[in-house]
Amino acid sequence: MQPLPAPPYQPPPGMPTIIHLDDSMIVLDKPAGLLSVPGRGPAHADSLASRVQIEFADARIVHRLDMATSGLLIMARGLEMERRLSIAFQQRQVEKRYVAVVAGRPSPDEGEIALPLITDWPNRPRQKVDFEAGKPSLTHYKLLSHDAAQDSSRIDLRPHTGRSHQLRVHMMAIDHPILGDELYGDPDSRHAAERLLLHAAELTLPHPLTGAPLHFVSTPPF
């Protein structure tokens with residue numbers, strides 16, 4: 001299925017909400033519709049990273065959220081903290097929990113999706129399941145509630161790997177696309193919401209300087 005043409009980039013204005021700030025890191029609540037980092041061309045230069053760097057020149061991106069996804073995003077302060085946080089992500093010391101609203105009701109109510117993913121090069125930025133060349137990808141899902149009238153479900157998603165578009169492709173692959181997903185949804189699920197109903201709701205990680213356990217929460221705006 002071909003995605004819809006991309007609309008003009010019109011990100012929400014203003015500085016993203018700062019959840020946590022110290023000399024080592026910044027935790028922000030990214031709004032939907034704002035790029036994590038600048039995209040291609042001057043029309044896509046505005047991003048969370050560029051806005052934050054105006055105020056905190058040493059802020060550096062260590063992971064990203066899709067433009068359409070909202071929620072918690074970490075920036076390091078300085079090269080050494082960037083290195084330490086990048087290692088924490090690589091070694092899977094960072095636990096991430098997302099909340100999404102999907103079409104239908106997954107069955108069983110809780111399970112794992114282990115489908116290897118690779119870039120769909122002719123249709124970038126789309127990703128696809130590829131059992132021969134794809135990279136191992138694992139997502140755990142759990143049903144939180146089901147809306148019978150709308151035939152949609154609110155689910156807890158925990159990615160154990162960090163592939164591009166992983167949650168979106170995995171839910172589409174089991175026939176429960178995330179509502180409002182312009183890239184992977186069918187016409188009904190695409191038009192069921194005005195935005196992608198995917199939110200990075202929790203992050204747990206060791207502090208990059210002290211090693212103290214940190215836990216951050218952001219309530220989904222949907």
- region 93-222: Cα Rg divided by the 2.2 N^0.38 Å rule of thumb: 1.09
- Message: Taking 0.36 nm per residue of sequence separation and subtracting the Cα-Cα distance, how much length would be gained by fully extending the chain between Asp156 and Asp120, in nm to one decimal?
- Response: 10.3 nm
- Task: Subtracting the Cα-Cα distance from 0.36 nm times the residue separation, let me have the gained length for His140 to Gln90 in nm, one decimal.
- Result: 16.1 nm
- Query: Rg/Rh for the chain: what does it come to with C-alpha atoms and Rh from Kirkwood?
  - Reply: 0.96
- Note on the structure: Residue span Met15 to Glu194: 0.36 nm per residue of separation minus Cα-Cα distance leaves a gain in nm of 62.2 nm
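Readers should treat all values here as calculations from the given coordinates under stated rules, not as data from a laboratory. Remember, predicted model here, so these are calculated numbers, not experimental data.
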